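Visitor: Have a look at this one before I ask anything.
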Amino acid sequence: MKRLETQYVLAQPARRPLKIFASDPMLGRTAGNRITVDVANEALRPGPQGARVEVIDYDGAHGRFYPPVNLDDPAILMEGGLDPTESDPRFHQQMVYAVAMRTIENFDRALGRTIELRQGGYPRLRVLPHAFHGANAFYDRRLHALLFGYFRADVTDPGPNLPGQNVFTCLSHDIIAHETTHAIVDRLRRYFLEPSNEDVLAFHEGFADIVALFQHFSFQELLRDQIQRTRTDIRTPTLLVELARQYGYATGSGRALRSALDKPDAKLYRGVTEPHARGSILVAAVFDAFFNTYQRRIRDLLRIATGGTGNLPAGDLHPDLVNRVAAEASRTAQAILTMCIRAFDYLPPVDITFGDYLRALVTADYELIPDDEFGQRGAMIEAFRLRGIYPEHVASLAEESLLWQEADHDFPPIPVETIEMLRELVFAATSFSQSPLPSVSRRAEQAAQRVGGYSRTEEGAETDLSAEMAQQLYAYATANAERLLLDPARTIAVHGFHSVFRVAPNGRLLIELVVQFAQQDRTQADALGGIPVRGGTTLVASADGHVRYLIAKPLPSPRLDPARRREADARLERQRSYVAMCDAADARLAYTDEAYLRQRMALRMNLFALHDGAA
Ligand SMILES: [Zn+2]
């Protein structure tokens, strides 16, 4: 009998459909605003609470919990999730879960691995859709949580909202995607929350907007509607390129919160320092590259559709044309977003600049797709140049100068035992998460248990690698410290060792190992407002342990060669002058106490509000 039952058990669907607002409730029933997206199907407890994300609906302003939605309830399953509505908190819970999961999946796919979202005592990223009363939203590292506020729309100038109506930041696709990205970036590069130069926080902000905006292009109905309206010219102010519209209008600004469009001006990058505004320069550069690539990719379609003239006839575009153009737009958006995320593995562990990011973009993309068929790398380089963003220490803006320098051929390889262990870890982690295989070795089984474990680093932060693995890499780093541009006299911390599997468009499987080594010098932390001087190296190796790239930001040390030494000194000087610049703009300094002084840069870090001016 039992046997018979199991024969007829249906396989679980791989994806779970859920309804969301594509933009936010302000758009109401406009074409394409109420859409169904799908996320990986996992068993969910009420919350929803899945393996990596947990929605906790505690209303901080009223001190009460709202009943959690059970997305596995058959009545809800049959409907593909609750219908979008502002009035039911259970829909709010569904929407934050769906959008957060989609954002996380975008990272998983681009990076070729599952992003680890456990941290400290928290097994999951926590999401509080009604955390407080206020026109803002935050990622909070200490709480390992995304906190969304709600507020009443401006009474005098609410735009299309009702004066004084309730506005929920947790119902804005862009705000959810933006805050989720902050949390993921913080897992990938923990020191990118420390303002050691004026690009660091701006990168966090800009990157979070990039992810939120590109996700618009995966909403087919919205995309087709906008392509029809703009007659394929999506480089115009539309829903697609505007971020958090309801929030922007409801706070009385008369427009969306931010936009991906700009008038390129090299002066801005030299002068703008507020992180959101500076981040917008990065966003505009990336979108400029996107638009150019998109135009190149649809040129043939337009030629066919217009008999070679390129002039579209008056009236509505043919739906077939709209469909094909929308497909190209969405493919291009996915390709550029993937390129943007993949660059993470080629970023230094500390003190990022926009120029570093450009080099990482070019290198990561070159590694996977050596021939730049659609010119997306070229477009990216040009867009950065137009905005005055130049990497340091490069001879020119030619692609070959921007690629990170390859490590010497005789660079000491990662030891075979370490590689073997990693392979077992990866194999065990992937096979055990699905179904345990009896043939897996005992060692792999132990490794699978370890993969869930954490090792504590010098600062008490978590890393996603087993203690044994960390030890082996630590030994490797200590033995080769000088060649890794690390200071042998200082402690070396090992972060985020992982392997990456990527399939190039030509079907080639690319396997890489990436590890971050970090060091710090706390002796000047007081003078630098509580933030130490950090150095470190990201190492990229091929699957056989051969070291390919060292992306290093060394601490000043007499052991460095003169050129590297000058770079390290200049970096320290830049951090000092950045602190001085922030001090000059800080009115509190005139009457503050010692405690504030010692921690002032760390305290100024509290910029993770969605909006600078608000709470
Ligand atoms: Zn932000």
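Visitor: Where the accessible area of the chain is counted over protein heavy atoms with a 1.4 Å probe, how much of it, in %, is carbon and sulfur?
Guide: Roughly 53 percent of what the probe reaches on the chain is carbon or sulfur.
Visitor: Now for a separate question. Which loop chymotrypsin sites (Phe, Trp or Tyr not before Pro) in region 1-82, with loop taken from DSSP, have no more than 15 other Cβ atoms within 10 angstrom of their Cβ?
Guide: When the chymotrypsin sites (Phe, Trp or Tyr not before Pro) of region 1-82 are filtered for loop state and at most 15 Cβ neighbours within 10 Å, Y8 remain.
Visitor: At 1.4 Å probe size, with every protein chain present, just tell me what the per residue accessible area of the chain comes to in Å².
Guide: Here the residues of the chain average 42 Å² of exposed surface.
Visitor: Tell me, what ³J(HN,Hα) does each residue in region 129-136 have, in order and in whole Hz, if you take phi through Karplus 6.51 cos²θ - 1.76 cosθ + 1.60 with θ = phi - 60° and put x for Gly and Pro?
Guide: The phi angles translate into x, 10, 5, 7, 8, x, 7, 6 Hz.
Visitor: Next up: What list of whole percents do you get for P(r) of region 549-597, with Cα-Cα distances grouped in 5 Å bins up to the one holding the largest distance?
Guide: Spelled out per bin, shortest first, that is 5, 18, 18, 16, 12, 10, 11, 8, 3, 0.
Visitor: Could you rank V394, V503 by how accessible they are, 1.4 Å probe, largest area first?
Guide: So the residues, ranked largest to smallest area, are V503, V394.
Visitor: On to the next question. Which aspartates and glutamates have a Cα less than 14 Å from the Cα of K553, not counting those fewer than 8 places away in the same chain?
Guide: By straight Cα distance, K553 reaches D351, D356, E392, E482, D487, D521, D561, E567, D569, E573.
Visitor: At a probe size of 1.4 Å, how large is the accessible area of H178, to the nearest 10 Å²?
Guide: For H178, solvent-accessible area is about 0 Å².
Visitor: Oh, and also: Could you order H546, H144 so the one with the most accessible surface comes first? Probe is 1.4 Å.
Guide: These residues rank, largest area first, as H546, H144.
Visitor: Further question on the same structure: For R255, what charge total do you get from the other residues with a beta carbon under 10 Å from its beta carbon, if Lys and Arg give +1 and Asp and Glu give -1?
Guide: +1
Visitor: Shape call for region 55-124 from the C-alpha gyration tensor, a ≥ b ≥ c root eigenvalues: rounded (a/c under 1.5), prolate (a/b greater than b/c) or oblate? If you can, show how the numbers build up before the last one.
Guide: Values: a/c = 2.28, a/b = 1.33, b/c = 1.71.
Oblate, because a/c is 1.5 or more while a/b does not exceed b/c.
Visitor: If you don't mind, another one. Specify whether the C-alpha gyration tensor of region 217-281 places it in the rounded, prolate or oblate class, a ≥ b ≥ c being the square roots of the eigenvalues: rounded for a/c under 1.5, otherwise prolate if a/b is larger than b/c and oblate if not.
Guide: oblate
Visitor: Here's a follow-up. Mind grabbing the accessible area of H216 for me, 1.4 Å probe, Å², rounded to tens?
Guide: 10
Visitor: Specify whether the C-alpha gyration tensor of region 477-615 places it in the rounded, prolate or oblate class, a ≥ b ≥ c being the square roots of the eigenvalues: rounded for a/c under 1.5, otherwise prolate if a/b is larger than b/c and oblate if not.
Guide: It comes out oblate by the Cα gyration axes.
Visitor: So how compact is region 280-398: Cα radius of gyration and Dmax in angstrom?
Guide: So, for region 280-398, Rg and Dmax equal 16.7, 53 Å respectively.
Visitor: Once you place label points 7 Å from the Cα toward the Cβ at A14 and E382, how far apart are they in nm?
Guide: 3.7
Visitor: So, one more: Just tell me which aspartates and glutamates come within less than 12 Å, Cα to Cα, of K263; anything on the same chain fewer than 8 places away is out.
Guide: D288
Visitor: Would you calculate the separation in nanometres between label points at N506 and R598, each defined as 7 Å from the Cα along the Cα-to-beta-carbon direction?
Guide: The answer from the label model is 5.8 nm.
Visitor: Let me ask something additional. How large is the Kirkwood hydrodynamic radius of the chain, counting all unique pairs of alpha carbons, in Å?
Guide: 25.7
Visitor: Is it possible to state the helix-based mean residue ellipticity at 222 nm for the chain, with each DSSP H run of 4+ residues giving -39500 (n - 2.57), the sum divided by total residues, to the nearest 500 deg cm²/dmol? What is it?
Guide: So the helix-based figure for the chain works out to -13000 deg cm²/dmol.
Visitor: Then there's this: In nm, give the distance between the simple-model label positions of R574 and E468, each being 7 Å from the Cα along the Cα-to-Cβ direction.
Guide: 4.1
Visitor: To the nearest 10 square angstrom, what accessible area does S557 show with a 1.4 Å probe?
Guide: S557 has an accessible surface of roughly 10 Å² with all protein chains in place.
Visitor: Just to verify a number: FRET efficiency for E86 and R45, C-beta to C-beta distance, R0 = 25 Å, to 0.05?
Guide: Taking R0 as 25 Å, the efficiency between E86 and R45 is 0.50.
Visitor: Whole-Hz Karplus ³J(HN,Hα) for region 311-320, in order, using 6.51 cos²θ - 1.76 cosθ + 1.60 and θ = phi - 60°, x for Gly and Pro?
Guide: These are the phi-based 3J(HN,Hα) values: 8, 6, x, 5, x, 5, 6, 4, x, 5 Hz.
Visitor: Order E221, E468 by their accessible area, 1.4 angstrom probe, all chains in place, largest first.
Guide: Of E221, E468, the descending order of accessible area is E221, E468.
Visitor: May I pose another question? What is the Cα centroid distance between region 479-502 and region 216-281, reported in whole angstrom?
Guide: 39
The values are calculated or read from the model by the stated rules, or taken from the named source; none is laboratory data. Remember, it's a predicted structure, so these values are computed and weren't measured experimentally. Glycine also receives a Cβ, built like all others from the backbone with ideal geometry; neighbour counts cover every protein chain displayed. Each accessible area value is taken on the protein alone, full model and side chains, heavy atoms only, with ligands, DNA and RNA left out. Shrake-Rupley method; radii C 1.70, N 1.55, O 1.52, S 1.80 Å.
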